[in-house]
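The values are calculated or read from the model by the stated rules, or taken from the named source; none is laboratory data. On a predicted model such as this, the values are computed, not experimentally measured, just so you know. Here Cβ is always computed from backbone atoms with ideal geometry, including for glycine, and neighbour counts include all displayed protein chains.
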Amino acid sequence: MTNTYASTYTDVLIIGSGGAGLTLALKLADLYRVTILSKLTTDESNTRYAQGGISAVFDDSDSIDSHIQDTLKTGEGLCDPDIVTLTVKQGRESIDWLINQGVSFTHDTDHGSDSPRLHLNREGGHTHRRIVHAADATGQSVISTLIERAQEHANITLLEHYNAIDLVTVKSRQFPKGQVTGAYALDSQNNTVIPISARVVVLATGGANKVYLYTSNPDIATGDGLSLAWRAGCRIANMEFMQFHPTCLYHPDARSFLISEAIRGEGAKLLLPNGDPFMHLFDQREELAPRDIVARAIDHQIKKYGIDFVYLDISHKSPAFIKRHFPNIYQQCLKFNIDITTQKIPVVPAAHYTCGGIVTDSTSKTDISGLYAIGEVACTGLHGANRMASNSLLECFVFANQAAESILRELPNKTIPKTIPPWDESQVAKSNEEVVIAHNWDEIRRVMWDYVGIVRSDKRLSRAHERINLLKAEIHEYYSDFTITSDLLELRNLVIVAELIILSAQQRKESRGLHYNQDYPEQDNRTPPQNTILSPKHYASAFIKND
Ligand code: FAD
Ligand code: SIN
């Protein structure tokens, strides 16, 4: 992989090498020079850890309309129906494109070992089997194939350990909200900041679930793209809808390893420590209710009985079936001395997915000219108040495609950008108290888990807001005084994300989808449901003052 960067100019700068960023790069590179930044290695992303699969209509008994209706129902009144239709209609095409790139999905051996039919998983909210997958490690299969294709392409430059700091924008009469001309990035292995000019910049930085103490996400998920876009002037929507996955492995050394919903799709039951099932008390769909319902049910039982976890049990299936369908989960659990063919799996909910994000249109454009956002960082309108399982990877591929079509239309008329001024470090010194960074990281994540988690209240939200405000001021002061490091950049972004989530949650005076406030336990259906849209202009005094 390339790690010294000779040029500071590219046609398209893509920040992020997950499913969304790599797909877009491959769709542009025959015509344009593309540079992709990764904060760590190219293969480290949420996409890499995806298990269950990608939703798409393949089963004869399924239909596009059924997938649309399931998505709308799960999103509880806040999905954009046009966006849902656009996305679902591109499901098959997206899978075909991945297969053409070389991704090998699991086939349905029930129809013979050479069956051309894809095997389809079932997950919560879906009324049909429609999850295309590569055993239980779909993301690994997708990401390794796309990286191979990107490495083969002469027009794609992959830069590892480059941490995007901020976007560079210029305002003009033609572009009163701004036009992006590039970004600054920290080369974290050489501790230098490089300015990169680009005709188009794409944020593909993934979600923000590291803002919570317990999460299924890897370390890269610190909401950088959200913060970069917010500081540059973009609107951010629906940040109160943070999704908690119901079943992460409960083990001190497991770092919230995910136990795929596909296991429940194959009949696994959730049980109390005494062996009693409980999901029937919460929803008639039981274990296959959407995630918000299952996560809240588990949270409720944990609090009610003062227990640390509940169990998930798939041991009624044969060992051969379990090992064939869930080889990765079987092996990972075995490392912690849990044999899932005979033993119950201890599980807890953990922060998993950011439904809100940068406001984008159907072509993935943001409020700023030349700036696109794709994948988990964007809020397209697909998920509404709750994302249905396996609709996220689908969104990555569909909106990478939408962005590619738009960029290919627009790039011929885009001028070469101006050179970006060099990064100025003359006013900062090397830090002599890095403990501030580690402390504030921990504090943000604990505050968010305790006060802005699965069940919220007005009092908890205002407590969280007070603390996050203090932390924000302290982090800003530190950022102004000391040389940047990757940890500091992430912390600066994380505190913004925390505040955006709290402000959004405070605005919603009802419970809907993933947002549950015990002071307003019901949906407010007196008027049509509204998205929560925060504009940096509106919050200028709250944010710009301190950043
Ligand atoms: P990511 O794949 O997260 O990639 C983000 C990229 O941005 C990374 O390369 C990172 O290095 C880079 N980056 C971030 N900040 C910066 C910065 N400042 N500078 C430079 N680079 C930066 N969804 C499904 O649909 N089906 C599933 O089965 C499924 N399973 C999942 C299992 C797990 C354990 C997890 C965590 C998520 C799962 N999801 C699943 C959700 C899905 O994987 C993600 O929503 C999706 O992969 C996001 O892709 P992305 O391309 O938007 O971002
Ligand atoms: C899972 O496999 O349970 C994760 C699926 C998703 O997040 O969509």
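For the reader, a short list of remarks on this structure follows.
- Residues in segment 219-269 that are of a type in the set (Lys, Arg), over 25 Å from GLY16 (Cβ atoms) and either surrounded by fewer than 21 Cβ atoms within 10 Å (Cβ to Cβ) or away from ligand 1 (no atom under 14 Å from the Cβ) (or both): LYS269 only.
- Residue check, THR71 buried (at least 18 other Cβ atoms within 10 Å of the Cβ) and either touching a His at 6+ places or on another chain (Cβ under 8 Å) or on the phi < 0 side of the Ramachandran plot (or both): yes
- Here ASP80, ASP43, ASP70, ASP30 are screened, and the one residue that is within 16 Å of ligand 2 (Cβ to nearest atom), of a type in the set (Asp, Glu) and at pLDDT 95 or above is ASP70.
- Among the residues of segment 34-68, those identified as β-branched (Val, Ile, Thr) and touching a helix residue (DSSP H, G or I) at 6+ places or on another chain (Cβ under 7 Å) are VAL34, ILE36, THR42, THR47, ILE54, VAL57, ILE64, ILE68.
- So ILE95, is it within 16 Å of ligand 2 (Cβ to nearest atom), modelled with pLDDT of 95 or more, touching a strand residue (DSSP E or B) at 6+ places or on another chain (Cβ under 6 Å) and under 26 Å from ALA204 (Cβ atoms): yes
- Any hit, segment 519-532, residues being within 16 Å of TYR451 (Cα to Cα), of a type outside the set (A, V, I, L, M, F, W, C) and assigned to a loop (DSSP other than H, G, I, E, B): yes
- Only listed residue being within 27 Å of the chain's Cα centre (by Cα), part of a helix (DSSP H, G or I) and farther than 30 Å from ILE131 by Cα, chosen from LYS472, LYS459: LYS472
- Of all residues making up segment 237-259, the number that are within 12 Å of ligand 2 (Cβ to nearest atom), modelled with pLDDT of 95 or more and assigned to a loop (DSSP other than H, G, I, E, B): 1
- Within the set THR74, THR47, THR85, THR41, the sole residue that is β-branched (Val, Ile, Thr) and free of Cβ contacts under 8 Å to residues at least 40 places away in the same chain turns out to be THR85.
- Only one entry in LYS210, LYS171, LYS177 is touching a Cys at 6+ places or on another chain (Cβ under 9 Å) and more than 10 Å from ligand 1 (Cβ to nearest atom), namely LYS177.
- Annotation note: of ILE420, ILE437, ILE416, ILE454, the sole residue that is more than 21 Å from ASN209 (Cβ to Cβ) and surrounded by 17 or more Cβ atoms within 10 Å (Cβ to Cβ) is ILE420.
- Residue among ASN238, ASN274 that is more than 21 Å from GLU443 (Cβ to Cβ), in contact (Cβ under 8 Å) with a residue 12 or more places away in the chain and among the polar types (S, T, N, Q): ASN238
- Scanning segment 120-159 for residues that are among the polar types (S, T, N, Q) and more than 12 Å from ligand 1 (Cβ to nearest atom), we see that the one that is surrounded by the most Cβ atoms within 10 Å (Cβ to Cβ) is THR157.
- Unmet requirement for LEU500, which otherwise passes all of (1) over 19 Å from ASP224 (Cβ atoms); (2) within 22 Å of the chain's Cα centre (by Cα): (1)
- Subset of segment 12-55 that is among the hydroxyl-bearing types (Ser, Thr, Tyr) and within 6 Å of ligand 1 (Cβ to nearest atom) - its residue that is surrounded by the most Cβ atoms within 10 Å (Cβ to Cβ): SER17
- With respect to the conditions (1) surrounded by 21 or more Cβ atoms within 10 Å (Cβ to Cβ); (2) out of contact with any helix residue (DSSP H, G or I) (no Cβ under 9 Å at 6 or more places or on another chain), LYS304 lacks only one, and its number is (1).
- Test for ILE437: is it in contact (Cβ under 8 Å) with a residue 40 or more places away in the chain, of a type in the set (Val, Ile, Thr), more than 16 Å from ligand 2 (Cβ to nearest atom) and within 25 Å of VAL497 (Cβ to Cβ): yes
- Subset of segment 175-218 (residues that are surrounded by fewer than 24 Cβ atoms within 10 Å (Cβ to Cβ), in contact with a Phe, Trp or Tyr (Cβ under 8 Å, 6 or more places away or on another chain) and farther than 16 Å from LEU37 by Cα): LEU213, TYR214, PRO218
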